[in-house]
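Below: the structure, in structure tokens.
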Amino acid sequence: MRALVYKSTGSWYTVKDETGKFLNARMKGVFKIDDITSTNPVSVGDDVDIEMENEVESTVVITKIHDRNNYINRQSPRFKHQHHIVAANIDQSILVATLKEPRTSQGFVDRFLVASEMYHVPVVIVINKTDLFRKKEEEQFEKWKNMYEGIGYNVKSISVKENKGIAEVKELLKDKTSLLSGHSGVGKSSFLNLVLPELNLKTAGISGWSGKGQHTTTFAEMFDLPFGGKIIDTPGMREFGLVDVSKQELSHYFPEMRARLNKCQFNNCLHMNEPGCAVKEAVANGDISEDRYVSYVNILDSIEERSY
């Protein structure tokens, strides 16, 4: 029987079979998929084959994982050189960010966009807490909106607290499988409570001592949306460690750079201090945002080239 993975808690999974019944599942033996050394071989969103193990307790074993259309992974929170697959088979990623309480850094947003570009997942950037905006935040929002929409990303603003802009985002979620991500404290759980009123997820405030949100979701989980589609809630992330990206490839995942790569004098140009660099020229002319270029340089510096 085929089933879809809705929740993973490490060793046990919740799957939904073709009749719509939820079952507890575990893995049969050890899977090695796609040669990924991942800390979680089965992920939420995976399409799997199951066999009944115990009818009384409704437990099944996962015998096969079908090929993934895509997936997003990040550095495992615990083991630097291992991956943690966040979710599989997703149509789009909704990145919830805030400009105040807590402030999402542009570095975090840009790393997330790089990961999504790597795995070919479209992104919608949703800025929450517009109710806290003053002139400074309004200007920052306009700047981000122009910058990100200028390179092909969709940017929306919402206030979960005042229920503003929610209908527009719901429209984007309809009939798609969406991954919901963002720092802790940006209002992901409160947003989910609005689109899934019967859910009533725990929401945590900002933990005072660090100004960073508290983690309330510990495992990714998928929910069926009443108006069609599915949404995957993920644990709030403090860091978004990129995996499997080389210095050479990085600029391919910045759409505004990708469009100019063939104009660089050297085909292995890293856009730092090489002569005849089309990317640096575009930054100087204002065709590429300086802030995005700074993000690129920061990410480039953080990539450890493994010497084989």
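Odds and ends about this structure:
- Which listed residue is modelled with pLDDT of 90 or more and either open to solvent by less than 40 Å² (accessible area, probe 1.4 Å) or in a loop (DSSP other than H, G, I, E, B) (or both), from 61, 30, 86, 42: 61
- For the stretch 116-135, the set of residues classified as of a type outside the set (Asp, Glu), in a helix (DSSP H, G or I) and modelled with pLDDT under 95 consists of 116, 118, 130, 132, listed by residue number.
- Residues of the stretch 151-191 that turn out to be among the small types (Gly, Ala, Ser), touching a residue at least 24 places away in the same chain (Cβ under 8 Å) and either in a helix (DSSP H, G or I) or over 29 Å from residue 257 (Cβ atoms) (or both), as a count: 7
- Checking 113, 95 one by one, the residue that is in a strand (DSSP E or B) and either surrounded by fewer than 19 Cβ atoms within 10 Å (Cβ to Cβ) or modelled with pLDDT of 90 or more (or both) is 95 and no other.
The values are calculated or read from the model by the stated rules, or taken from the named source; none is laboratory data. Just so we're clear, the structure is a prediction, and the values are computed from it rather than from any experiment. Positions of Cβ are backbone-derived with ideal geometry, glycine not excepted, and every protein chain shown enters the neighbour counts. Surface accessibility is based on the protein's heavy atoms, side chains included, excluding ligands, DNA and RNA. Shrake-Rupley method; radii C 1.70, N 1.55, O 1.52, S 1.80 Å.
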